[in-house]
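Okay, structure first, notes after.
The values are calculated or read from the model by the stated rules, or taken from the named source; none is laboratory data. Because the structure is predicted, anything quoted here is derived from the model rather than measured. Neighbour counts are summed over all protein chains in view; Cβ atoms, including those assigned to glycine, are modelled from backbone coordinates with ideal geometry.
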Amino acid sequence: MGVPVSRYVTKGCSLSQELRACETRGLRSSLSVSLNIFLLLQTTFKSWRLATLTMVLTLPMALVGGLIGAKTHFDQLWVYIAGPIAGGLVGAFAYQFIGHTRTATVPGAAVSERPHGDAAAATS
């Protein structure tokens with residue numbers, strides 16, 4: 001026993017009108033979220049310039065990541081979990097052992113850099 005087609009159409013609008021309404025709601029929602037994030041950045045940095053700079057520099061990369069993520073299947077999810085962890089470890093290694101050099105102790109110099117462990121003990 002089939003249900004008549006007239007039972008499905010209750011609002012009297014076509015599918016294309018519903019799709020346009022859905023797109024409009026999605027656009028409004030994304031703009032609202034973006035504005036709220038921008039205001040949170042401004043509150044955090046207490047600077048309109050830094051908040052604008054942060055939004056301008058990070059939004060394109062977030063959009064690209066969203067597009068890539070939308071096309072990725074869940075069997076490749078491990079890449080998005082392991083990638084940032086590996087990148088953070090490589091960055092920490094590069095900072096500690098390659099980019100961060102201690103100043104040599106020069107006889108007669110007024111200031112020399114303390115090792116990281118001693119710096120924490122000196123401030124407390």
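Return the residue satisfying two criteria in turn: it lies in the stretch 59-100 and is assigned to a loop (DSSP other than H, G, I, E, B) and surrounded by 10 or more Cβ atoms within 10 Å (Cβ to Cβ), and of such residues it is modelled with the highest pLDDT. Out of the qualifying residues, it is T72.
Exactly one residue out of V56, V33, V64 is under 19 Å from P84 (Cβ atoms) and β-branched (V, I, T): that is V64. Scoring K11 on the criteria (1) part of a loop (DSSP other than H, G, I, E, B); (2) at pLDDT 90 or above leaves a single failure, condition (2).
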